[in-house]
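Worksheet for the structure shown next.
The values are calculated or read from the model by the stated rules, or taken from the named source; none is laboratory data. All values derive from a computational prediction rather than experimental measurement. Cβ: placed from backbone, ideal geometry, glycine included. Neighbour counts: every protein chain shown.
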Amino acid sequence: MTATTVTLGGRQVVKAMWHPISTAPFDHDLELAVIDNNGTRALCFACRRILGGWIKSDSRCPIELRPTHWRDWAKKT
């Protein structure tokens, strides 16, 4: 598990814990992260794990990627 921190009022606060991709639940909105040539980055849309891969939560369209870790999707405002 890896924590992401944010600075609030001059203090660092743990935002959310990242979990290994092998532990990702099925049929839940998740935030995924990938590691590529540019480093580690989180996807800006919610995804769901299905048998055989991943889909975008809103459109149900398959996505081709190999995520490395996940956390619960926090609705973006």
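Do you know which residues across segment 45-77 are in contact (Cβ under 8 Å) with a residue 12 or more places away in the chain and in a strand (DSSP E or B)? Of everything in segment 45-77, those that are in contact (Cβ under 8 Å) with a residue 12 or more places away in the chain and in a strand (DSSP E or B) turn out to be C47, R48, R49, I50, W54, I63, H69, W70, R71, D72. May I ask you to list the residues in segment 51-74 that are exposed (fewer than 14 other Cβ atoms within 10 Å of the Cβ) and either within 12 Å of the chain's Cα centre (by Cα) or not charged (D, E, K, R) (or both)? Within segment 51-74, L51, G52, G53, S59, C61, P62, L65, R66, D72, A74 qualify.
Of all residues in segment 29-44, how many are at pLDDT below 95, under 14 Å from D72 (Cα atoms) and assigned to a loop (DSSP other than H, G, I, E, B)? Going through segment 29-44 one residue at a time, the tally reaches 2.
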